[in-house]
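Shown next, in structure tokens, is the structure this report addresses.
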Amino acid sequence: MKTLAAIVLLIPSLVAAETVSVGDFAEHGLAGWQSQSFAGETDYQLVEAGGRRVLKADSRGTASGLYHEKSIDLGATPWLHWRWKVQDTLEDVDETTRDGDDYPARVYVVFSGGLAFWRTHTVIYVWASNQPQGSHWANAFTDNARVIAVQSGDANAGEWQRETRNVRADYEMLFGEDISEADAVAIMTDTDNSDQSAVAWYDDLYFSGRSEP
């Protein structure tokens, strides 16, 4: 009986260990997040939406993002979960080209190459405007970044969507090799190449050992 009781007491700590939060904006705001600008400044603000504090991004021909450096053990917590919403998508962009490399919403997972900086890889989950949902391609600016269209088009625009991706499996699919650790997460809403505007909301980004939210 003592052994059973010990197991029962241990279960909550095991469950807690299976979750690594990177973007609980309601609880922690922007603590741990840093900004990176590429072309002007996308406006990122904490706002109330549906009774919860979330992150709103407003891009008007700009491209800047926020990133959170955090080591993630993909052996223990390979599943990335998040919620996002876009106001609408962009017109007449081909996301596979440099002129069309704009997205109303992106979530990046970065894998550092350490001293071999040229080995740094990135998996980018996007809300695409025109590429089909489920498709993937190399980023137009670097082959070290690969893109997956998790959402596409305006069918779900204006509504919160909850996403779940096995980052370790996606990395192997895109780069042809296994990876055991991620080093950072980033988000970006950008419209600098097409000189359009986009608004998006992000919330509740975390890694876990399970596919269920």
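The values are calculated or read from the model by the stated rules, or taken from the named source; none is laboratory data. Keep in mind it's a predicted model, so treat the numbers as computed, not measured. We place every Cβ from the backbone using ideal geometry, glycine too, and count neighbours over all the protein chains shown.
Could you pull out the residue among LEU30, LEU66 that is at pLDDT 95 or above and either in contact with a strand residue (DSSP E or B) (Cβ under 6 Å, 6 or more places away or on another chain) or not hydrophobic (A, V, I, L, M, F, W, C) (or both)?
Only one candidate qualifies: LEU66.
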Point to revise | Test result for ASP143, buried (at least 16 other Cβ atoms within 10 Å of the Cβ), out of contact with any Gly (no Cβ under 7 Å at 6 or more places or on another chain) and either among the charged types (D, E, K, R) or over 27 Å from ASP178 (Cα atoms) (or both) | key: no
Check your understanding: What's the number of the condition SER135 fails, among (1) modelled with pLDDT of 95 or more; (2) over 18 Å from LEU90 (Cα atoms); (3) of a type outside the set (Asp, Glu)?
Key -> (2)
Revision key, fill the gap. Subset of the stretch 167-209, residues closer than 14 Å to VAL110 by Cα and either among the basic types (Lys, Arg) or part of a strand (DSSP E or B) (or both), comes to ARG168, GLU181, ALA182, ASP183, ALA184, VAL185, ALA186, ILE187, MET188, PHE207
Check your understanding: What number of residues in the stretch 90-122 are under 17 Å from the mean Cα position of the chain (by Cα) and in contact (Cβ under 8 Å) with a residue 60 or more places away in the chain?
Key -> 12
Exercise for review: Could you please find all residues in the stretch 41-61 being among the polar types (S, T, N, Q) and part of a strand (DSSP E or B)?
Suggested key: GLN45, SER59
Check your understanding: Restricting attention to the stretch 117-132, which residues are within 17 Å of GLU177 (Cα to Cα) and modelled with pLDDT under 95?
Key -> TRP118, ARG119, THR120
**Study point:** Matching entry among VAL15, VAL54, VAL8, VAL20 (being surrounded by 12 or more Cβ atoms within 10 Å (Cβ to Cβ) and either of a type in the set (Asp, Glu) or at pLDDT below 95 (or both))
**Key:** VAL15
